[in-house]
Amino acid sequence: MQMSHAKKGVALGLALGLGVFSTVPLVSPAQAATNPVVYSNWSSGNAGAECAQLEGDYTYGWKIDDGGAEGAPNITETANFYDVDGTLVHSNTLTISGSDGKVFNWSASGNTIGAVIVKAGQGANVWVYTPQTASDTGLFGFDNKDISHVTFCWNKDDVVVSSEWCSPGYWRQAHHYDSWVNYAPTDSFVTAIGYSPSLSRQGQRAGATTTPSLGYVLNNPQYYGGDAFNAVGDLLSYAHPDVNFNGERVEDSCPLN
């Protein structure tokens, strides 16, 4: 895998064969670890080699190492990871702040972090976050020595995909008929939806048909009620390739014009 900083970052799942990419939930800084795991004799290497020494299969690793006892500078670096074709597949922005070379804070924007390795002297302090977190404060090196480098290890966060829904009020407008996919306003409700809509009292009094078209239900919700009305909105939202409808009706989320 190619990377924007080949010596600093590595996608372990591909480079080291550590298995299938895993995902983790986003959590608040309050859930961060407070006490490090101490390694008195740490084997330094690139980000991938260091993350591989920890328990847990981390897919991504990024090392910040400026040397000269300034291995934890106040800095922001963007870790970019590319596939073999040069396509960006993952990105995470890492910030070290409040550093005096021995103690620092960190934060991540783009993805949470599973572990931070703080190398100093011959050893390393390792903060492990379960679940992963987006920031922490007061990290320090082994034996409180000057920090030589900091390595971040993580897995990709779960991506929460919000549902999109175009309401029946959208679909029933004549100037939106050209947005209908696989269906037409004249299509049978029973055939498309799979059941006959119930008539409201108003519909019964009006003598409304029990075999309406999709368009007729949309334009006469007073006859067929909200369930049938919304069922047409669901059907057309599911059918449209540009509407990410997962079954949840989210108001004002329609991506169509």
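The values are calculated or read from the model by the stated rules, or taken from the named source; none is laboratory data. None of the values given here were measured: they were computed from a predicted structure. Heads up, the Cβs are rebuilt from the backbone with ideal geometry, glycines too, and the neighbour counts pull from every protein chain shown. The area values use the complete protein model at the heavy-atom level, side chains included, leaving out ligands, DNA and RNA. Shrake-Rupley method; radii C 1.70, N 1.55, O 1.52, S 1.80 Å.
Overview of results
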quantity	calculated
Residues being touching a helix residue (DSSP H, G or I) at 6+ places or on another chain (Cβ under 6 Å) and part of a helix (DSSP H, G or I) - total across the stretch 193-229	12
Qualifying positions in the stretch 81-103 - under 19 Å from residue 132 (Cα atoms) and surrounded by fewer than 18 Cβ atoms within 10 Å (Cβ to Cβ)	91, 93, 95
The stretch 150-182: number of residues that are of a type outside the set (D, E, K, R), more than 22 Å from residue 250 (Cα to Cα), in contact (Cβ under 8 Å) with a residue 40 or more places away in the chain and open to solvent by 10 Å² or more (accessible area, probe 1.4 Å)	2
Which listed residue is in contact (Cβ under 8 Å) with a residue 60 or more places away in the chain and within 30 Å of residue 160 (Cα to Cα), from 227, 234	234
Subset of the stretch 137-147 [open to solvent by 20 Å² or more (accessible area, probe 1.4 Å) and either acidic (Asp, Glu) or in a strand (DSSP E or B) (or both)]	137, 138, 140, 143, 146
Pick from the stretch 230-249, criterion within 29 Å of the chain's Cα centre (by Cα), part of a helix (DSSP H, G or I) and of a type outside the set (S, T, N, Q), ranking: surrounded by the most Cβ atoms within 10 Å (Cβ to Cβ)	236
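Results for (1) in a loop (DSSP other than H, G, I, E, B); (2) under 19 Å from the mean Cα position of the chain (by Cα), shown as yes or no for each residue.
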residue: 58; (1), (2): yes, yes
residue: 71; (1), (2): yes, no
residue: 85; (1), (2): yes, no
residue: 100; (1), (2): yes, no
residue: 106; (1), (2): no, no
residue: 117; (1), (2): no, no
residue: 131; (1), (2): no, yes
